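Asker: The structure under discussion is supplied below as structure tokens; questions concerning it will follow.
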Amino acid sequence: MGYTKQIIKGFSWAAVLNAIAMGISLIKIILLSHFVFGPVEFGVFGVGVLVLGILELITETGINIFLVQESEPIKTYLDTAWAVSIMRGITIALLLALFSYPIAAFFKITNNWVFILAFSLVPILRGFINPAIASLQKDLKFRQDATYRFIVSAIEDISIILLAFITRSIFAFIFGMLFGVLIEVIITFIFVEEKPKLNFNNLHFKKIVAQGKWVTLAQIFDYLFEHTDDVVVGRLLNVFSLGIYQNSYILSSLPENAIAQQLGKITFPIYVQMREDKQSLSFHDKKRIKRAFWRSFWSVFVMITPFALIMFFFSDPLVRILLGEKWLAAIPVLRILALFGTTRALTNLFYPVFLALKKQQFITNITLISWIFLGIFIFPLTKMYGISGAAISALVGSIAGLPVAYFYFKKLL
């Protein structure tokens, strides 16, 4: 099967399942926003997710991307990858437990510090996920990969909905996440034949870290770009504003998550195979990669632009219908973030090419520039315009990254 056909086939199946998963996530937000929680509860949950993400980020090794990039079989590095994953999960849990109260104090939610502490259970369980699940992506088994991700996402969202209505407690978020991670651990040992053992190889670990350092740096800057505005809003304003901002962000990112991210997961291993066809990239190889990229780029542009326009021009009725009257402050924010989501989605489409050709440093530079532009504007604009100012800062950062990504793409190919 040709690469274009593989992309279309893989994306079609992934798009359908991901659209259903996004629909379930949207239903979760609608139900909980209307009937269970307000912006404050969503903001407190957002703080927990934010802090957990930061700790996961600073301990990131880039193992999953490394396993897909390498021409050697995944089983070569599987045991070491699993051992590192478990140790990483325990380390994150200890850090989160240790700093749960200071974190709550920083965001002025000390009455919810136990909720932040409870998040430490999540990384422990995540550490036991079988790294061999990356073989689904590496071997172009897009249908199985999409099915696996759909099951995990759907179970987590449905669990949170049910627990929230039953308990009326914010802890429903955590217990729903834990159940979803438990199912993910089980599935990763069912979906793939390779089973890891607790066996650490120092040479394998050094190779993973050496190759993954640029991925780690890129993910650090990407996370900082994606969540610096959350930190500033939560600290400078309050968790009520953070809840408004984060739900607006989620709504504006739905088209990107449903389309652009899925296509990126599919094109990355295909670009890797294009690279592996020969020892070095010939003119013909570069031409094939460029042709495949631009087909993906313009396809995503055509698909996500209508969603962005709808969110921009109809943000008022969308917020009233989807979130309810107590979320009206999200209306102007959603307009700005709709443009942000489109720009960010298009920039991220360049990343699979860079990863496949082992140019992770390009992604690091792009995300660093985006974060710098965000950092320049975030404090003054948030002080002047509140959460709308934070959204403008995110938009400026995403716009700054797009031409840099194009420059590196031209330079590489």
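The values are calculated or read from the model by the stated rules, or taken from the named source; none is laboratory data. Computed from a prediction, not measured in an experiment: that's the story for all the values here. When we count neighbours, we look across all protein chains shown, and the Cβ atoms used for this are built from the backbone with ideal geometry, even at glycine. Quick note on the areas: whole protein, heavy atoms, side chains included, nothing else; ligands and nucleic acids left out. Shrake-Rupley method; radii C 1.70, N 1.55, O 1.52, S 1.80 Å.
Asker: Tally the residues that are among the small types (Gly, Ala, Ser) and at pLDDT below 80, restricting the search to the range 61-104.
Answerer: 2
Asker: Do we have Ile155 as more than 26 Å from Val51 (Cα to Cα) and either out of contact with any Ser or Thr (no Cβ under 8 Å at 6 or more places or on another chain) or surrounded by 21 or more Cβ atoms within 10 Å (Cβ to Cβ) (or both) here?
Answerer: The answer is no for Ile155.
Asker: Among Leu78, Leu140, Leu96, Leu57, which is the only one that is outside any loop (DSSP other than H, G, I, E, B), touching a residue at least 40 places away in the same chain (Cβ under 8 Å) and over 26 Å from Gly234 (Cα atoms)?
Answerer: Checking each option against the conditions leaves just Leu78.
Asker: Can Asn130 be described as of a type outside the set (A, V, I, L, M, F, W, C) and open to solvent by 70 Å² or more (accessible area, probe 1.4 Å)?
Answerer: no
Asker: Given the criteria surrounded by 19 or more Cβ atoms within 10 Å (Cβ to Cβ), at pLDDT 85 or above and not in a helix (DSSP H, G or I), does Pro123 qualify?
Answerer: Answer is no for this residue.
Asker: Quick test for you: out of Phe45, Phe37, pick the one residue that is in contact with a helix residue (DSSP H, G or I) (Cβ under 6 Å, 6 or more places away or on another chain), buried (at least 21 other Cβ atoms within 10 Å of the Cβ) and modelled with pLDDT of 80 or more.
Answerer: Phe45 is the lone residue from the list that is in contact with a helix residue (DSSP H, G or I) (Cβ under 6 Å, 6 or more places away or on another chain), buried (at least 21 other Cβ atoms within 10 Å of the Cβ) and modelled with pLDDT of 80 or more.
Asker: Now for a different question. Among the residues that make up the range 340-353, is at least one of them part of a helix (DSSP H, G or I), among the aliphatic types (A, V, I, L, M), under 22 Å from Leu237 (Cβ atoms) and touching a residue at least 60 places away in the same chain (Cβ under 8 Å)?
Answerer: The answer is no, given that none of the residues of the range 340-353 is part of a helix (DSSP H, G or I), among the aliphatic types (A, V, I, L, M), under 22 Å from Leu237 (Cβ atoms) and touching a residue at least 60 places away in the same chain (Cβ under 8 Å).
Asker: Filter the range 134-152 for residues that are of a type in the set (A, V, I, L, M) and open to solvent by 20 Å² or more (accessible area, probe 1.4 Å); which is nearest to Val272 (Cα to Cα)?
Answerer: Leu140
Asker: Please find, within the range 99-119, the residue that is nearest to Ile54 (Cα to Cα) out of those that are surrounded by fewer than 21 Cβ atoms within 10 Å (Cβ to Cβ) and among the hydroxyl-bearing types (Ser, Thr, Tyr).
Answerer: Tyr101
Asker: Restricted to the range 119-137, and to residues that are free of Cβ contacts under 8 Å to residues at least 60 places away in the same chain and in contact with a Leu (Cβ under 9 Å, 6 or more places away or on another chain), which residue is farthest from Pro196 (Cα to Cα)?
Answerer: Here the answer is Ser120.
Asker: Of Phe175, Phe171, Phe189, Phe165, which residue is in contact (Cβ under 8 Å) with a residue 12 or more places away in the chain and either within 30 Å of Ser135 (Cβ to Cβ) or charged (D, E, K, R) (or both)?
Answerer: It is Phe189.
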